[in-house]
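Asks: Below is a structure I'd like to ask you about.
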Amino acid sequence: MDDPRAFLLLKPDCLRLKLSGSVERAIIRAGLRIVCRHRVTVSPADVRHLWPEYDDAGHPLALAFLDRYLTGEPSEVLHLYGQDAFEAARRVKREVRSRHAEGPFANVVHGAERRGEMARQAGHLLGRCDVCAEPFHSDEPPLNPARPPGRDFREDADLAALVDELWPLVQGVPADPGPVRLEGGDTGQAVYLGSDREQTLDSTVTALWHALPGVELRHAVLLALHSGWSGGTPIAVGGRRALDDCLRTLHTHGVRACGKGVT
């Protein structure tokens with residue numbers, strides 16, 4: 001039997017931009033009611049509990065951005081009740097995100113994509129409240145599959161400082177830093193990188209790190225974020241051999257949403 005409960009986490013931007021009223025109206029339209037609400041300040045430890053498919057060794061960039069976005073300012077957890085609450089809450093999340101999310105780290109509402117994930121996260125976020133403490137029920141595994149890891153870039157940079165530097169550049173449409181110029185002159189062609197849901201920020205940046213000799217980390221991060229947002233970004237220009245080597249290296253690192261095209 002489906003659990004008639006669900007939750008949504010209103011992230012700091014949702015409260016700062018005063019969008020909580022829009023969320024609550026969407027909840028009512030979905031046939032749900034708010035049982036309880038909790039103001040919380042998410043910590044880095046909470047981030048790692050909520051998204052255990054990311055770990056510090058393999059996903060330090062993604063976690064640094066999540067820490068920058070989610071911690072230090074209040075969020076709010078809404079405990080919801082109603083018929084087919086899980087699917088209804090997902091509809092609310094999609095509706096609110098489609099109207100208000102601007103940029104790769106600006107989804108103003110979080111909700112679980114799987115019932116097992118929801119049960120585990122609800123226990124963490126709601127378990128300290130007497131009204132909400134009854135465990136959510138699910139027959140699904142509580143954890144999402146691990147996501148593709150990348151290089152531990154903490155060895156190369158102060159990631160918190162890097163994220164602070166890049167944060168203004170990734171609001172709305174992430175800035176395009178332009179392609180890296182490789183050896184061999186101008187052939188009128190470029191390697192393009194597209195959006196690849198099978199990859200993570202860390203695995204994509206790691207592939208770029210190896211495919212673009214000498215690229216700065218900030219440049220690689222912006223290329224990864226812009227290509228993921230735009231669906232197709234030129235990441236390298238240069239001679240035919242250099243471009244072929246770049247493409248081959250991307251393929252070696254599991255990146256498939258890439259190819260050559262004219263500039």
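The values are calculated or read from the model by the stated rules, or taken from the named source; none is laboratory data. This one's a predicted model, so the numbers in the text were calculated from it and none came from an experiment. No Cβ is skipped: glycine too gets one built from the backbone with ideal geometry, and neighbour counts run over all protein chains shown. Just the protein is used for accessible areas: all its heavy atoms, side chains included, with ligands, DNA and RNA removed. Shrake-Rupley method; radii C 1.70, N 1.55, O 1.52, S 1.80 Å.
Asks: Could you list which residues have their amide H under 5 Å from that of Cys258, counting only those 5 or more apart in sequence or on another chain, with H placed in the peptide plane?
Replies: Long-range HN contacts for Cys258: Gly194.
Asks: Another question about this same structure. Taking only protein heavy atoms into account and a 1.4 Å probe, give the accessible area per residue of the stretch 176-262 in Å². Intermediate values should be presented prior to the final figure.
Replies: Working: 4000 Å² over 87 residues.
Ligands and nucleic acids excluded, the figure is 46 Å² per residue.
Asks: Using a probe radius of 1.4 Å on heavy atoms only, what accessible surface per residue do you get for the stretch 5-125? Whole Å² is fine.
Replies: On a per-residue basis, the stretch 5-125 sits at 40 Å².
Asks: Need the C-alpha centroid separation for the stretch 215-240 versus the stretch 108-130, integer Å.
Replies: Their Cα centres are 35 Å away from one another.
Asks: About its Cα centre, what dipole magnitude does the stretch 5-125 give when the only charges are +1 on Lys and Arg Cβ and -1 on Asp and Glu Cβ, stated in debye to the nearest 20?
Replies: 560
Asks: Here are labelled values, [x] 0.93; [y] 1.00; [z] 1.03, and one is the computed Rg/Rh (Cα atoms, Kirkwood Rh) for what I pasted. Which one?
Replies: Label [z] holds the value from this structure.
Asks: Of the accessible area of the stretch 176-262, with the probe set at 1.4 angstrom, what percent is carbon plus sulfur? Please list the in-between numbers first.
Replies: Details: 1880 of 4000 Å².
Accessible surface attributable to carbon and sulfur in the stretch 176-262 totals 47 percent.
Asks: Considering the options Ala160, Cys246, Ala89, tell which one lies farthest towards the positive end of the dipole of the chain, charges being +1 on Lys and Arg and -1 on Asp and Glu at the Cβ, about the Cα centre.
Replies: Sorting the options by dipole projection puts first Ala89.
Asks: Sort the stretch 5-125 into rounded, prolate or oblate with this rule: let a ≥ b ≥ c be the square roots of the eigenvalues of the Cα gyration tensor; rounded if a/c is under 1.5, and if a/c is not under 1.5, prolate when a/b is larger than b/c, oblate otherwise. Mind dumping the intermediate values first?
Replies: Working: a/c = 1.78, a/b = 1.41, b/c = 1.26.
The shape class here is prolate.
Asks: Something else now. Accessible area of the stretch 1-129 with a 1.4 Å probe: how many percent of it is carbon plus sulfur?
Replies: Percent of accessible area from carbon and sulfur atoms in the stretch 1-129: 49.
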